[in-house]
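Worksheet: one structure, shown below.
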Amino acid sequence: MAFELPALPYARDALQPFMSAETFEYHLDKHHQAYVTNANKLIEGSGLEGKSVEEIITGSFGKNPGLFNNAAQCFNHSEFWKSMKPNGGGKAVPGALAKAIDSDLGGYDKFRADFINAGMTQFGSGWCWLAVKDGKLEIMKSPNAENPLVAGAKPIVTCDVWEHAYYIDYRNARPKFLEAFVDSLLNWDYALELYEAAR
Ligand code: MN3
């Protein structure tokens, strides 16, 4: 498959004041675009041409680091953009997912604290996630381009904690970015859609 920069499901100023249009100018137009360009170069001759993005990611992990890093970053960023929406976040979790958060993660407040903590304690560049593994919800974190797919899990909420994700809007305050993501941006409807598909 050819990697592509996705169309955003909202205007690039729609997440203000929590994420600025300027952040999209760099994070989407420069960082994500570079991963797309590099993944399309590195897929050539890799033996993984024509595979799905998930197959490219799992097929290159531990074997072709250049392709893995760029292909996984394409997937991770596309999921990150879809994991946010204007007026998102907070406790308005759809029923089926709210129930699973209660039974698998100890309730919403514990989910919120543990998700933010996962993002804060990911040392250096990486990601934090709400994922489904063996039918159950799990909070995960990962370095650099790694994601739940390589751990046999499916992500349903994706949050970028590389400095480029928050430095324009929050400077060094990663916890404030994570709080805004969970309280004001998180797209629970998309998370539910992925949750139902993953079980
Ligand atoms: Mn990023």
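What are the trypsin sites (Lys or Arg not before Pro) within the stretch 39-99 that DSSP puts in a loop, where the Cβ has at most 16 other Cβ atoms within 10 Å? Could you put the intermediate results ahead of the total?
Details: sites: Lys41, Lys51, Lys63, Lys82, Lys91, Lys99; in loops: Lys51, Lys63, Lys91.
Loop-located and lightly packed - Lys63, Lys91.
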Discussion item. Rounded to the nearest 10 Å², what accessible area does Asp183 have for a 1.4 Å probe in the complete protein model?
Written reply: 60
Worksheet entry | lysines with Cα under 21 Å of Lys41, excluding same-chain neighbours fewer than 8 positions away | Lys30, Lys51, Lys63
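Report relative contact order for the chain in percent, whole number only (criteria: Cα-Cα under 8 Å, sequence separation at least 6).
Values: 312 pairs, mean separation 50.1, N = 199.
Reported as a whole number, the value is 25 percent.
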Practice prompt. Run the 1.4 Å probe and let me know the accessible area of Leu194, rounded to the nearest 10 Å².
Written response: 40
Worksheet entry | Label point distance in nm, Ala14-Ser125, each placed 7 Å from Cα along Cα→Cβ | 2.8
Discussion item. So, for the stretch 21-82, what is the accessible surface per residue at a probe of 1.4 Å, expressed in square angstrom?
Written reply: 45
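So what is the accessible area of the stretch 95-198 per residue, in Å², with the probe set to 1.4 Å? Please list the in-between numbers first.
Numbers: 4440 Å² over 104 residues.
Averaged over the residues of the stretch 95-198, the accessible area is 43 Å².
Using heavy-atom solvent-accessible surface (probe 1.4 Å) with all chains present, what is the largest-first order of Leu97, Leu105? Numbers along the way, then the final one.
Values: Leu97 0, Leu105 25 Å².
Most to least solvent-accessible, the answer reads Leu105, Leu97.
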Discussion item. Could you compute how much accessible surface His31 exposes when probed at 1.4 Å, giving the result in Å² to the nearest 10?
Written reply: 60
Worksheet item: Dipole of the stretch 104-199, Cα-centred, from +1 at each Lys and Arg C-beta and -1 at each Asp and Glu C-beta, to the nearest 20 debye?
Response: 200
Worksheet item: With all protein chains present and a 1.4 Å probe, how do Arg171, Arg199 order by accessible area, largest first?
Response: Arg199, Arg171
Response to the item:
Whole-percent carbon and sulfur contribution to the accessible surface of the chain (1.4 Å, no ligands, DNA or RNA) stands at 50
Fill in: Between the stretch 90-167 and the stretch 36-85, the alpha-carbon center distance in angstrom
20
Discussion item. List the GluC sites (Glu not before Pro) within the stretch 1-50 that DSSP assigns to loop and that have no more than 16 neighbouring Cβ atoms inside 10 Å.
Written reply: Glu4, Glu44, Glu49
Discussion item. Heavy atoms only, 1.4 Å probe, whole protein assembly: order Trp129, Trp162 by accessible area, highest first.
Written reply: Trp162, Trp129
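If you place +1 on the Cβ of every Lys and Arg, -1 on the Cβ of every Asp and Glu, and leave all else neutral, what size is the dipole of the chain about its Cα centre, to the nearest 20 Debye?
Values: 19 positive and 25 negative charges, 59 e Å.
So the magnitude is around 280 debye.
The values are calculated or read from the model by the stated rules, or taken from the named source; none is laboratory data. Keep in mind that this is a model prediction, so the values were computed, not measured. So basically every Cβ, Gly included, is an ideal-geometry build from the backbone, and we count neighbours across all protein chains shown. Surface areas here come from the heavy atoms of the whole protein model, side chains and all, with no ligands, DNA or RNA. Shrake-Rupley method; radii C 1.70, N 1.55, O 1.52, S 1.80 Å.
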